[in-house]
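Okay, so here's the structure we're looking at.
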Amino acid sequence: MKNNNDTRQNNNKQAQNVANKMAHKVVDKIAKISGVNEKTNNNNNRNKNNNSNGKNGNRNSNGGNRKNNTPKHTDKPIRIIPLGGLNEIGKNLTVFEYEDDALILDCGMAFPDDDMLGVDIVIPDITYLHKIADRIRGIVLTHGHEDHIGALPYVLKEFSVPVYGTRLTLGILKNKLKEHGILNQVKLNTINAGDKVKLGAFTAEFIHTNHSIADAVAIALHTPTGIILHTGDFKIDSTPIDSDMIDLARFGELGKEGVLALLSDSTNADRPGVTFSEKSIGKTFDNLFEKGEQNKQRIIVATFASNVHRVQQIINSAVKYNRKVAVSGRSMENVISAAIELEYMHVPENTLIGLDEINKYPKEQLVVITTGSQGESMAALTRMAFTSHKKINIEPNDLVIISASPIPGNEKSVANVVNELLKQGAEVIYEKQADVHVSGHACQEELKMILSLVKPKYFIPVHGEYRHLCKHKGLAVHTGIDPKNIFVMDLGNVLELSRSSAKIVGSVPSGKVLVDGLGVGDVGNIVLRDRKHLAEDGIIIVVMTIEKESGECVSGPDIISRGFVYVRESEDLMEEIKKQTTSVVENCLSGHSFDWTTLKTRVKNDVGNYLYVKTKRRPMILPIIMEV
């Protein structure tokens, strides 16, 4: 195993060195191309893309002659307000304002932290959007990942604004809106890479990029103040699955026109070199499928549902080795269905089968593509690992491939799933054992390439934790950007930009809204504190009945313990709690004059203090006092 790891590391280093040299050559080549040639080549490429996409979608474009559509520059300020996506991974949402017009870029969700007990998802606080509701001209989307579109169903229930995105992005979004019952209430506008859309004072230009999902775009906002360029999530893939490389020529053109501010993806800013091509994963799958063929193993692959290119390569390997493919997980089913319908995936006839049909085929002829690569508690792979899946049980000869890297914070959950799979006897392959995953985000050399091409006056690193943003700032300084013109912002900060100055002028409400079941925002810090208290120390319920006329205790006190101690083995402790409660009640009721609130508070305090002395624990004390 050590030799295999050493060989793989050497191969990775060699590939990275080649990729680095290629990256520098691309920068040099683009820098030497004349403006006329850049525009000619870019227009030819864009025409080719539009011709290929035109048959599948309608263009909502004011495009064509870019010069005629570019606003004349003024020195009036534009405001940039991030409500999500900074100092965190996920829930990306940025507001852009110019005078009486506002535009929203992306609207995503995040996974809950470990201390958010019972919470399903986290979405941005949109309090500020209500204040500017009549000024919002639209929502533009960079791609279809949950951290960029996951909060839209909740936001669109409150705001009636048009949404603009590429075909696959909107195809995935439609399924989400349908589940929430609001699909018919939302105006969705399909755009293609290369299109421009006029939205108030903003003209949004959509630029083709590479990411771990098809149809990803960067967005250039042409404003009277200047060009604001947002990369979205991206990487530079010279051999992409869909054959369309990121439109670096257009980035170079915008750099020559003059970009006022660049907002760029920082997720991999602390990783040197370049990100490997998605196509490199195909060979790994072929090798693992060949191994599965030799060992007559059923193959189960967990990956991100939205990674259409990854799923396509899994299916390609399955077809190559004459295997049937079953899909498990609602999000996976929805994305694959949308991708096939929109022709972003190509699956040979009779390849896909339902989960109900898997028992009709020998194990060695099956591949199951599933959700759960992040160890989510309710995802299909997790339920398989813990033997709670209704249709699939892990068997000793199964080969399980986890084709993803853990999102920061999910490492423990993924490790738990791997451990349980191994206990079931399965062979588990994950990122540390084989090259079964490549990132969809740009590493340092690619980030520097974009900075060098765009040459922005101001730079705002986005999409990442604070360490990522700071690292990206350092990369920008190395490319020649003045540190005074780089803004590492926090959620809610208001950055005001003009052609002559830039400064943070204040802040707006921002933060996290927790979604638990059908409840949106009804779980806050106090509820989470109570849940944490219950989880850590349990609860003691004290029940008694008091006669109103005499003030005497006619029933109880009865003690109920949950999550604190095992009652049958702690009878002495329960009796002492009863004595403490009786003593408090007698003191409060003496003289037939008492206050119910005071009585309950005294019971909580006295019983709580007694239990801490005896056990060094502080369970939640809940007095229930009835009057008859």
Please compute, for the alpha-carbon atoms of the range 280-429, the extent along each of the three principal axes and give them in descending order in Å. 37, 32, 31
For the range 79-199, report the translational diffusion coefficient in µm²/s to the nearest whole number, using Stokes-Einstein at 25 °C, 0.890 mPa s, and a Kirkwood Rh over Cα pairs. 167
Over what distance in Å are the Cα centres of the range 473-511 and the range 384-428 separated? 43
Among all the aspartates and glutamates, which ones have a C-alpha under 12 Å from LYS455's C-alpha, if same-chain residues fewer than 8 places away are not counted? GLU253, GLU257, ASP482
Using the alpha carbon gyration tensor of the range 538-627, what are the three equivalent-ellipsoid semi-axes (square root of 5 times each eigenvalue), largest first, in whole Å? 23, 13, 11
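Every read-out reported here was derived from the displayed coordinates using simple, explicitly stated rules and does not represent laboratory data. Worth saying up front: this structure is predicted, and the values here are computed from it rather than measured.
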